1. Of B:ALA366, B:PRO274, B:ASN386, which is farthest on the positive side of the dipole of the range B:273-395, counting Cα position, with +1 on Lys and Arg Cβ, -1 on Asp and Glu Cβ, and the Cα centre as origin?
2. Per residue, how big is the convex hull around the C-alpha atoms of the range A:7-112? Give it to me in cubic angstrom, could you?
3. What figure in square angstrom, to the nearest 10, would you give for the accessible area of B:ILE89 with a 1.4 Å probe?
4. Gaussian network model of chain A, Cα springs within a sub-10 Å range: biggest mean-square fluctuation belongs to which of A:VAL174, A:VAL74, A:VAL118?
5. What is the average number of partner chain Cβ atoms found within 10 Å of a Cβ in B:353-364?
6. Report the accessible surface area buried between chains B and A, summing both sides, using a 1.4 Å probe on protein heavy atoms only, in Å² rounded to the nearest 100.
7. Compute the helix-to-body angle for B:7-23: its Cα long axis versus the longest principal axis of chain B, expressed 0 to 90° and rounded to tens.
8. Once phi is turned into θ = phi - 60°, what whole-Hz ³J(HN,Hα) does the Karplus curve with 6.51, -1.76 and 1.60 give for every residue of the range A:290-299, x standing for Gly and Pro?
Amino acid sequence: MDFNLTEDRRMLQDSLNRYLGDKYPVDHRNKVAYALPCHDPAKWTEMAELGALFALAPEDAGGFGGTGFDIMVVFEALGRALNPEPLLGAAMASRLMTKLGADQEALLSGATKYAVAVGEVEAPYDLDAITCTATAKGDGHVLSGRKSAVYGGQVADVILVAAMLDGTPALFEVQASDAQIAGYPMMDGGGAAEVLLDDTPAKLLLADAADALTDALNAGIVALCAEAVGAMDVTHATTLDYLRTRKQFGVPIGKFQVLQHRAVDMLTEIEQSRSITIKAAAELDGPDASRFVSMAKNLIGRAARLVAEEAIQMHGGIAMTWEYPVSHYAKRLVMLDAQLGDTDYHLSRVMAGLKAA
Amino acid sequence: MDLSFSQEDIAFRDEVRSYLAENLPKRISDAVRTGAEQTKEMAEEWHAILNRKGWLATTWGVEFGGPGWTPVQKHIFEEECCRAYAPRIVPFGLNMLGPVLQAFGTKEQQDYYLPRILDGTDWWCQGYSEPGAGSDLASLKTRAVRDGDDYVINGQKTWTTLGQHANKIFCLCRTDPAAKQQEGISFILVDLDTPGIEMRPIRLIEGGHEVNEVFFTDVRVPVANLVGEENKGWTIAKFLLTHERTGIAGVGFSMQSLEEVKALARKIRRNGRPLIEDPLFAARIARAEIDLEAMKITNLRMLFKAQQQGAPGPETSILKIKGTVIHQELKDLARRALGPVAAPFPGSMTDGNIMFGPEGTANNAARYFNNRKTSIFGGSNEIQRNILTKTMLEL
Ligand SMILES: Cc1cc2nc3c(=O)[nH]c(=O)nc-3n(C[C@H](O)[C@H](O)[C@H](O)COP(=O)(O)OP(=O)(O)OC[C@H]3O[C@@H](n4cnc5c(N)ncnc54)[C@H](O)[C@@H]3O)c2cc1C
């Protein structure tokens, strides 16, 4: 047993943490995160040069990572810095392209930005419930429907779209320039888009894509969980600093036992979150990936909300302000619950597993 | 035991209900319903409408223009206002300073200021908190030094709600630095046009501007603006705390939010069925409804007791704690129900042809975050627990 990161992963983590801390601090982040395109091209390229994208793919696909642990390391660093760049789409797209054996050099170098479009307004999480449809036309296909909350869709060059083909989810490639893309900054920073498809030309990549898409979504969920762990760590550390320095009634507020115990409860939940994320990352390529991924996303959803709300409450008014970084961490921690399946959705998947067993 | 309102109270409720139906402009209630920014003009318009009816200053004595309602009637009025999506009364002049002047002000102060509050000439804001004095308000440092017929004020106030609309501020200032903390504080009225005052906006978590910082540099204020006795301001602050307590449970707002969440869960479709048919989400709503049903009665019990005893007791802290938590939970559900559709930053979706959630839900995430404030201000929920520990548990 060994819970240490490999030397390579640790180095990647260190260099990402250092780069993001120096070059992408929260004030710059806030300038980028809340206005379209929610993307800083120069920084994106530098992050790619550091290996943030290459780490997402295995060696035989041109990368140097590709496992759940690699995804975890990258996204934990992104979470610590609250980074708004569109890496989630890249992580999921890379998974799909690895499965397809497609050339992903342009993705891993950062030259081409990818987004993955699965969720819809009335089917935000469930692959089986999507209604976007593909029809054969000429030698290719056309897609019709609306894809909702496509993360990174506001700057993507290429969108990998899940659409129903003869009653099963299939995977298509759509050039962003061929679709109608309505991008927007999100409440918690970073961008997404509504992708409107209306007989939009698309290249069929995989006809029976349910398993590949499930795997990509699982990888995305591991990424989100790790991002949450990184963001929770920083939120907790900032809260502790504040408890030590903020004085009321002549003492640091950290002297009040009621706050001490709640800070301990936050710590406990964060450690639990870290553990379940490690577990989900470890199982990502295994047969029960979906089950552990759902456990992780459910636990993270609960823990992240607790950490966000407690951090604000224990700071008092200051954490209600835009100026103070904890407010942005709190928004991210709460809002990421609704990405790729919320606590209830993932709880119901774990519950369904109980029946099956 | 009888949980029903009296015949008179029911008649009163019907009167309020039909009055609101006829007099509350739809333009204004729509803004309240959708969580759109409520402008200064809207607040002033609504205040003026209520003032014409004599229903604006519900906490004032009849001799000053109050309606002379019982606590139960006040409660009914607040609940009906919520039901109709009336704007919240801006409390600083009407529910805070008004009662203070009636209890502590001179005849001159009452004659001058009270009519101006009623007719909207003055918009007051509350200058209590400072960067270093939040929960520990008595540690405030803003100084008021007597100089002839003036006080000279230096210091900083913060979190000043809607100060950007105000022309006046009531402040707690330190007038005797040598005295014990609570004994050297005075309650002073300040005109915001006085030279030496600078107000700067504070942007809140969700992006909105509703609070400010106010800086005082050698601000000269006539001694006549002192309310009550010099160095007795803490008594007034404590008096105000009891007044801030009417409607502290926010039951009306929670009832409003519960109805919204239910309607939303019926309207939103998930994977081919209404969200309300998802047992996990339905359980969340049901739990909130159970808590709120109990809170309605807890609120009425305390109201009943206040009506019998003449004043609310320390147990009203229970209303603050549980009332804010229930309301925050409902705001969480209103955001949660939307799923990823709640994600767009409010106002960021410029393509008006693209619908997201059901109408009026674009601010649901913003409202959830903004409402985290309710367990922090007006005495944080931790401070309320300290009060209960001391007064009711006697630990
Ligand atoms: C949106 C908003 C609007 C506001 N509007 C106004 C206004 O118009 N006018 C005005 O004067 N003020 C206003 N306030 C200020 C508000 O009253 C203060 O935020 C509040 O008193 C808490 O003070 P603080 O923010 O400094 O937190 P602190 O007092 O620093 O508290 C930090 C944390 O420590 C906890 N804590 C403090 N003391 C204890 C203790 N003894 N035991 C256990 N826990 C403790 C608190 O509960 C909190 O969790 C507003 C605040 C907000 C957020």
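The values are calculated or read from the model by the stated rules, or taken from the named source; none is laboratory data. In this text, all values refer to a predicted model and were calculated from it rather than measured experimentally. For neighbour counting, all protein chains shown are included, and Cβ atoms are generated from backbone atoms with ideal geometry for every residue, glycine included. The area values use the complete protein model at the heavy-atom level, side chains included, leaving out ligands, DNA and RNA. Shrake-Rupley method; radii C 1.70, N 1.55, O 1.52, S 1.80 Å.
1. B:ASN386
2. Working: hull volume 9.0 nm³, N = 106.
Convex hull volume per residue, Cα atoms: 85 Å³.
3. So the heavy atoms of B:ILE89 present about 40 Å² to solvent.
4. Looking only at A:VAL174, A:VAL74, A:VAL118, the largest GNM fluctuation is found for A:VAL174.
5. Working: counts 2, 7, 3, 5, 1, 0, 0, 0, 0, 0, 1, 1.
Neighbouring Cβ atoms belonging to other protein chains average 2 per residue here.
6. Details: alone 19890 and 15710 Å², together 31480 Å².
For chain B against chain A, roughly 4100 Å² becomes buried.
7. Tilt relative to chain B: about 90 degrees.
8. Couplings: 4, 5, 6, 5, 5, 4, 5, 5, 5, 5 Hz.
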